[in-house]
Amino acid sequence: MRRHSNLRALIFSVALYGVYGLCALVFHYPVWAQSSGSTAPEADSGWQDKPAWQFKRFAVVTAHPLASEAGALMLREGGSAIDAAIASQMVLGLVEPQSSGIGGGAFLTYSNGKTVQVYDGRETAPQSVTEALFLEAAGENKGQPMAFHEAKVGGLAVGVPGLIAMLHLAHKDHGRLAWARLFEPAIALAEGGFPISQRLHTLLKQDRFLRKDTQARAYFYDSNLEPFPVGHLLRNPALAQVLRGLAQEGPGFLHTGELANAVVAAVRGHVTNPGLLSPDDFKNYNALRREPLCFNWQPKTLPPTQDTFKQTLARPALRVCGPPPPSSGPLAIGQILGILGQHPYGVKPVDRDYLFLEASRLAFADRAKFVADPGHFSSKLPDWQALLEPSYLKSRANLIGEQSLDKAPAGKPGGLAGQGLGAMPMQVEAGTTHVSIMDDNGHALALTSSIESAFGSRLMVNGFLLNNQLTDFSFKPFDDEGQPIANRVEPNKRPRSSMSPLLVLDPRTHRAQMALGSAGGALIIHYVAKALLSTMNEGLPAKTALEQPHLGSMNGPALLEAGRYPEDRADALHKRGNELRFIPMTSGTHVLLRKDGQLWGAADPRREGWAVGE
């Protein structure tokens with residue numbers, strides 16, 4: 001009886017959101033200044049103040065209240081953190097379709113309180129691709145990279161989805177509840193309907209491409225091609241049917257048979273931009289267990305006095321763990337934190353921001369040259385720890401002076417410098433959503449999933465959107481000197497990602513002290529790094545940390561959050577040689593922090609995230 005009452009409670013919450021204007025989802029949002037030439041991956045939809053959540057037993061924080069509630073239902077029924085994550089993610093694919101879903105991929109970092117595991121559900125390129133996938137094939141621009149919007153819309157950039165296979169693998173290892181049970185909340189919402197939120201409505205209204213797809217147009221828009229209004233109850237019976245099939249048959253329902261054939265037909269049959277996926281690409285896909293990429297980090301106390309400096313040195317370093325490449329996120333974050341550790345942590349915010357930008361430039365220079373799918377290097381497997389070695393990071397930190405580097409050079413880390421690689425030019429990266437969970441058994445996870453661009457490839461099949469993750473590969477296979485770019489397109493290869501689902505481990509107990517991650521394309525790296533610095537260095541509560549103005553650099557201009565970054569600090573950065581660009585920085589950072597026997601939850605005020613727990 002409890003199972004049915006829980007489902008009724010979830011469906012009742014949908015009605016409650018509708019009756020009260022989507023409850024916490026709909027507020028009168030301030031409008032921040034818009035930028036020209038924004039590199040933000042998803043549009044700004046307003047600011048929503050969030051509580052400082054506090055729990056005792058368990059907590060789930062996701063990008064949507066209904067997804068968080070679905071995860072909490074599983075924990076109340078005795079499920080594991082993995083069970084909760086699967087239920088939450090299935091709901092996210094329904095209620096936040098612009099950011100993730102079963103047509104995309106993910107990385108998951110999991111701790112059972114003793115050891116850490118990483119699950120890789122990153123998409124793979126079709127077997128038949130060539131390095132020239134995103135180069136113009138004819139005309140005056142023959143051989144030149146395609147425009148991003150031309151590459152992403154349609155079938156060309158669709159990789160083999162890996163989310164379901166990865167979640168099934170993690171459930172096999174750590175699930176407690178039946179696999180089929182985890183799909184019931186999403187199926188109930190898909191059939192009964194969920195209210196369109198302000199954010200989904202805003203993104204639907206702004207998107208230029210989604211209306212061109214027949215299925216998406218019929219699902220999201222009215223007869224006048226206007227998105228259905230906020231609060232409209234949106235039902236997705238096609239997705240409900242797919243979810244039932246996945247619940248009964250597992251990943252095979254997606255990777256073999258009629259559904260795989262339907263996806264392949266949509267990809268290969270796209271009128272203007274067909275892709276190369278085949279049924280064999282689906283059948284041959286494997287989710288992977290990987291060893292986590294971990295590094296030690298010694299936070300510095302602010303303000304730095306002689307006493308607090310001694311206390312800092314006496315504390316054992318935290319252990320930070322996340323996915324290794326093809327995710328570049330934890331590696332770049334480790335470099336940023338390690339480079340900053342070579343400098344005094346300044347009292348003035350502008351001094352801290354200056355160093356953060358310079359450290360980011362240095363990390364992104366290495367990322368562009370060295371980081372790619374480790375299974376596709378011509379020589380032996382890369383030694384990623386070479387990029388985190390203290391003496392190497394010290395040599396990188398020594399490059400920072402009083403004036404900005406503007407564009408930092410890549411380094412020469414041992415074990416990687418001899419690869420003979422060219423640097424990948426900066427490209428647009430987009431999309432994603434993040435889930436953080438801690439259960440009452442001391443288990444914790446961080447899950448980041450994506451379909452890449454907002455609404456992915458704008459191809460909808462049987463109620464779900466397909467990814468455009470292949471645009472995370474370098475469009476150019478070689479640099480101007482003819483050196484191969486590590487992240488070039490190759491058959492069966494996984495594109496480089498910025499997803500950064502992190503666990504921060506207590507060095508004494510080895511249990512997760514913090515679970516965090518973010519949405520936001522390549523800027524995920526900056527959002528997560530700043531969340532760590534704000535909470536652990538500056539001692540800010542998690543809620544306050546996520547409210548701080550954003551900044552970052554991808555080894556180019558200093559990107560500052562439009563309407564929020566202080567003008568006086570921006571002027572000071574400009575005087576130190578930074579080219580400034582003000583853009584919306586629509587992060588989606590979600591944090592759980594275990595402190596003094598309590599669980600503190602925080603959700604990014606820039607999106608619709610919410611925490612649920614007990």
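The values are calculated or read from the model by the stated rules, or taken from the named source; none is laboratory data. Because the structure is predicted, anything quoted here is derived from the model rather than measured. FYI the Cβ positions are ideal-geometry reconstructions off the backbone, even for glycines, and counts take in every protein chain you see. Only protein heavy atoms, including side chains, enter the accessible area calculation; ligands, DNA and RNA are left aside. Shrake-Rupley method; radii C 1.70, N 1.55, O 1.52, S 1.80 Å.
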Inset, instruction - Give the residue that is surrounded by the most Cβ atoms within 10 Å (Cβ to Cβ), with candidates limited to residues of region 578-614 that are of a type in the set (Val, Ile, Thr) and part of a strand (DSSP E or B). - result: VAL591
Inset, instruction - Can you tell me which residue among PRO323, PRO316, PRO330 is in contact with an Asp or Glu (Cβ under 8 Å, 6 or more places away or on another chain) and either open to solvent by less than 10 Å² (accessible area, probe 1.4 Å) or modelled with pLDDT under 90 (or both)? - result: PRO323
Legend entry - Unique residue being part of a loop (DSSP other than H, G, I, E, B) and under 24 Å from GLY322 (Cα atoms) when the list is GLY338, GLY415: GLY415
Inset, instruction - From (1) over 21 Å from ILE400 (Cβ atoms); (2) free of Cβ contacts under 8 Å to residues at least 24 places away in the same chain; (3) basic (Lys, Arg), pick out the condition that doesn't hold for LYS575. - result: (1)
Legend entry - Whichever residue in region 333-342 is modelled with pLDDT of 95 or more, farther than 16 Å from ASP383 by Cα and in contact with a strand residue (DSSP E or B) (Cβ under 8 Å, 6 or more places away or on another chain) and, among such residues, is surrounded by the most Cβ atoms within 10 Å (Cβ to Cβ): ILE333
Inset, instruction - From PHE194, PHE228, PHE220, grab the single residue that is in contact with a strand residue (DSSP E or B) (Cβ under 7 Å, 6 or more places away or on another chain) and open to solvent by 20 Å² or more (accessible area, probe 1.4 Å). - result: PHE228
Legend entry - Which numbered condition SER449 misses (of (1) open to solvent by 10 Å² or more (accessible area, probe 1.4 Å); (2) not in a loop (DSSP other than H, G, I, E, B)): (1)
Inset, instruction - For ARG122, indicate whether it is farther than 27 Å from PRO425 by Cα, among the basic types (Lys, Arg), modelled with pLDDT of 95 or more and buried (at least 18 other Cβ atoms within 10 Å of the Cβ). - result: no
Inset, instruction - Please name all residue pairs, on different chains or six or more residues apart, with Cβ atoms under 7 Å, provided the first residue is in region 347-362 and is closer than 18 Å to LEU331 by Cα and part of a helix (DSSP H, G or I) and the second residue is open to solvent by 30 Å² or more (accessible area, probe 1.4 Å) and of a type in the set (A, V, I, L, M). - result: GLU358/LEU405; ARG361/LEU405; LEU362/LEU399
Inset, instruction - Scan region 501-512 and give yes if some residue there is within 14 Å of the chain's Cα centre (by Cα), open to solvent by 10 Å² or more (accessible area, probe 1.4 Å) and among the charged types (D, E, K, R), otherwise no. - result: no
Legend entry - Output for region 89-143, where each listed residue is assigned to a loop (DSSP other than H, G, I, E, B) and of a type in the set (Asp, Glu): GLU96, GLU123, GLU131, GLU136, GLU140
